[in-house]
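The structure appears right after this line, and notes come after that.
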Amino acid sequence: MSNEKGADIVLYSYFRSSSSARLRIALNWKKMPYLMRPINLLKGEQRSAEYAEINPNRSVPTLIVNDVKLVQSVAALEYLEDLYPGYPLLPLNPESRAKIREIVQVIVSDIQPVQNFRVLQKVDQAERTEWAKNTIEKGFEALETMLVPVASQYCVGSSVTLADVCLAPQMWNAQRFGVDLDRFPTIGRVCHNLMELEEFRAAHWQNQPDCPPELKGQ
């Protein structure tokens, strides 16, 4: 759902970045057109002086909404929720909101950072896949237990929330690194339901304009 002309929303993204995917999903869900600007992490474009002026952390995503720039995905998700309350991703109930944010933090703080691009670059190449696989499996063990009492069609009940926005990209990482998903039936059921939604399918890394042709359809 990109808009190439006069976009008020610009997203700097990398096709396999799960942090970027969270924002792609949220923007799709809220029906907000945006301009995609790919940043190739493998080529080191995030380390360029030009991009450092945009994002001093030299990472993706970077979300720019009018004159507001945000370089952390959860802060950007919360901002989009406040700015565009239509098609909400947080319920009104305080207890449900707290549970959703708890699930979000398990994914974005405990699981994803330990197997992200920067960390994997520090791991011996022959061990990277196993490192990422083990990290995700340990995180999913906790997450599966947390979801069992609250999940229904989606992570928390029957409405799509920020928890789902963060879970789906982490599932894509799990598939990429060969995690045994049969061990996590609740996570698997929720993600199956999410992938029935066009907003999620369109945000998948294989459907991004910067995804190399040889990786599409894998």
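Looking at VAL123, is it part of a loop (DSSP other than H, G, I, E, B), at pLDDT below 95 and assigned by TED's automatic domain parsing to the domain that holds GLY178? Yes. Comparison of GLN125, GLN112, GLN105, GLN153 shows that the only residue that is polar (S, T, N, Q) and touching a residue at least 60 places away in the same chain (Cβ under 8 Å) is GLN112. Among residues of the range 198-218 that are under 20 Å from ILE39 (Cβ atoms), those with a beta-carbon under 8 Å from a residue that is β-branched (Val, Ile, Thr) at least six positions away or on a different chain give the pairs ALA203/ILE25. Flag not set for VAL114, criterion: more than 20 Å from LEU63 (Cα to Cα), modelled with pLDDT of 95 or more and either out of contact with any Asp or Glu (no Cβ under 7 Å at 6 or more places or on another chain) or buried (at least 22 other Cβ atoms within 10 Å of the Cβ) (or both).
Quickly run through the range 64-108 and pick out the residues that are of a type in the set (A, V, I, L, M) and surrounded by fewer than 18 Cβ atoms within 10 Å (Cβ to Cβ). Passing the criteria: VAL68, ALA75, LEU83, LEU92, ALA98. The residue that is surrounded by the most Cβ atoms within 10 Å (Cβ to Cβ), counting only those in the range 26-45 that are in contact with a Leu (Cβ under 9 Å, 6 or more places away or on another chain) and over 16 Å from LEU83 (Cα atoms), is MET36.
Checking ASN193, ASN173 one by one, the residue that is crowded, with 21+ Cβ neighbours inside 10 Å, over 21 Å from LEU80 (Cβ atoms) and polar (S, T, N, Q) is ASN173 and no other.
Where helices (runs of 4 or more DSSP H) sit wholly within the range 1-95, those with at least 3 residues that are acidic (Asp, Glu) and at pLDDT 95 or above occupy 73-83.
The values are calculated or read from the model by the stated rules, or taken from the named source; none is laboratory data. Values in this document were obtained by computation on a predicted structure and should not be read as measured data. Because the Cβ atoms are built from the backbone with ideal geometry, glycine has one as well, and the counts that use them run over all protein chains shown.
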